[in-house]
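Structure record follows, encoded as structure tokens.
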Amino acid sequence: MNIAKLLCLFITPLFFLSNSPAFAYVEKDTAVLRVMNKAAGKTQIVPVKVGDTKQYDGLNITIRSCKQTDPFDAENHFVFLEIYTKADERIFSGWMNHNEPGQNPLQDDTYDVWLEKCE
């Protein structure tokens, strides 16, 4: 195999990889959540700083990361959070996506939690 063919085999994939879209995220300091207490029939906006745990009703909500898409892309927000009951039972751990709230929401017997935005 000659050198020109070898170079084509290695350079062509690099060209396509360099032109693929890069997903950039902006780290934010606060997650703004909407929490619904089904038993009480009320919803409330609950801001929680990244790294903090906030007690709300019967929940302890810990935010690990909150990200927003690049300002030049379609706006979306993502949060990684952990939710425990006051009895220290974990009822949710994972990512939530603002634009697709049904993809990975907390749907408990008593509470629903959705991400509103990252600030």
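Every read-out reported here was derived from the displayed coordinates using simple, explicitly stated rules and does not represent laboratory data. In this text the structure is predicted, and so the values were computed from the model without any measurement. Glycine gets a Cβ as well: all are built from the backbone with ideal geometry, and neighbour counts include every protein chain shown.
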Once you order the gyration tensor axes a ≥ b ≥ c over the Cα atoms, which shape class does region 23-118 get: rounded for a/c under 1.5, otherwise prolate or oblate by comparing a/b with b/c? prolate
Do the alpha carbons of any pairs in Lys38/Lys86; Lys28/Lys54; Lys86/Lys117; Lys49/Lys117 sit beyond 19 Å of each other, and which pairs? Lys86/Lys117
Backbone N within region 22-61 under 12 Å of label point (7 Å from Asn97 Cα along the Cβ vector): none
Please give the contour-minus-distance gain from Phe72 to Glu89: 0.36 nm per residue of separation, less the Cα-Cα distance, rounded to one decimal in nm. 2.1 nm
